[in-house]
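The values are calculated or read from the model by the stated rules, or taken from the named source; none is laboratory data. Here the structure is a predicted model, which is why all the values come from computation and not from measurement. Positions of Cβ are generated from backbone atoms using ideal geometry, with glycine treated the same way; all protein chains shown enter the neighbour counts.
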């Protein structure tokens, strides 16, 4: 029997009831762990159903535009129903401070902007689901490989090292423009032919920008996305990360690179440039320093107040004892 599709409103109601039931079970000493696990699974399924229904709603919404794929790219993400875990610090039997779960709390995506769980819209999945061309994935995979070779050149790897990686690199649809380039600029002895210096390298900035444009042109939008040096630079700077070992540079799979490529598509359809975030401005540093000073001053004042009260307490106790003694003597 097919699973009944509920509306977003009905799913929110079901989710709230499931959260309430979970919390009641959590505080019931007779509840078994398996029961909590089963209830947790129900909550996860409801949240997944809700996110799926909301995604389908976005699919239907962008299909009404003049350029559905571009509209989808510009939409980029959505917020969906989720929950947060409430915790509390307590002391165990031995006096050690531990953190325990006290329940779940609904995080409703309808209560305002940037509420709920943020979900990135998947360009490739959208094209698959809506029966559009996905051939651009081969172009993007080729760009992924070329950026790897470009990175190797950047850190001064030899041509032999680059060719070794080039030849062993797996691609679903094999494209090898780099070896063809090397063979074109070298003589029969394998040495660089100075007369071929004008042959463009497939990993030069100009060639990579051209390849990015080819990727854009393969995406099934109705309008044209124009590749820029800013977009190529953004891809280069978000392409790799630190690896496990000190000298490792971790690269990414074609699937993960597709997510980064989608960032460039977003830049193209929205005209928003790549830029740096996260650095601390002088104003932010000064504000944080002032806040820390104010906090320290308050804590110092509180400590002095507590110390004064502690010192005053024995005096009051002694005065009270003398008064009681005089009363008894009388």
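Points worth noting:
- When the criteria are applied in full, residue 135 fails the requirement of being closer than 17 Å to residue 260 by Cβ and touching a residue at least 40 places away in the same chain (Cβ under 8 Å).
- Restricting attention to segment 91-126, the residues that are more than 22 Å from the chain's Cα centre (by Cα) and not assigned by TED's automatic domain parsing to the domain that holds residue 44 add up to 0.
- Scanning segment 253-301 for residues that are over 21 Å from the mean Cα position of the chain (by Cα) and in a loop (DSSP other than H, G, I, E, B), we see that the one that is farthest from residue 216 (Cα to Cα) is 281.
- Counting only strands (runs of 3 or more DSSP E) wholly contained in segment 24-127, the ones carrying 2 or more residues that are over 30 Å from residue 220 (Cα atoms) occupy 82-91, 97-107.
- Of all residues in segment 149-165, those satisfying the criterion of being within 20 Å of residue 241 (Cα to Cα) and touching a helix residue (DSSP H, G or I) at 6+ places or on another chain (Cβ under 7 Å) are 149, 150, 152, 153, 162, 165.
- Residue 228 vs. criteria under 30 Å from residue 67 (Cα atoms), outside the structural domain of residue 59 (by TED's automatic domain parsing) and modelled with pLDDT under 90: no
- Breaking point among (1) within 21 Å of residue 256 (Cα to Cα); (2) at pLDDT below 95; (3) touching a helix residue (DSSP H, G or I) at 6+ places or on another chain (Cβ under 6 Å), for residue 209: (2)
- Residue selected from segment 231-248 under the condition within 16 Å of residue 272 (Cβ to Cβ) and surrounded by fewer than 16 Cβ atoms within 10 Å (Cβ to Cβ), by the criterion modelled with the lowest pLDDT: 238
- Qualifying residue in segment 188-195 (condition: exposed (fewer than 14 other Cβ atoms within 10 Å of the Cβ), more than 30 Å from residue 77 (Cα to Cα), in contact with a strand residue (DSSP E or B) (Cβ under 9 Å, 6 or more places away or on another chain) and outside the structural domain of residue 55 (by TED's automatic domain parsing)): yes
- Residue within segment 82-90 that is buried (at least 16 other Cβ atoms within 10 Å of the Cβ), within 22 Å of the chain's Cα centre (by Cα), free of Cβ contacts under 8 Å to residues at least 40 places away in the same chain and in the same structural domain as residue 115 (by TED's automatic domain parsing) present: yes
- Being crowded, with 16+ Cβ neighbours inside 10 Å, touching a helix residue (DSSP H, G or I) at 6+ places or on another chain (Cβ under 9 Å) and not assigned by TED's automatic domain parsing to the domain that holds residue 68 is a property that does not hold for residue 253.
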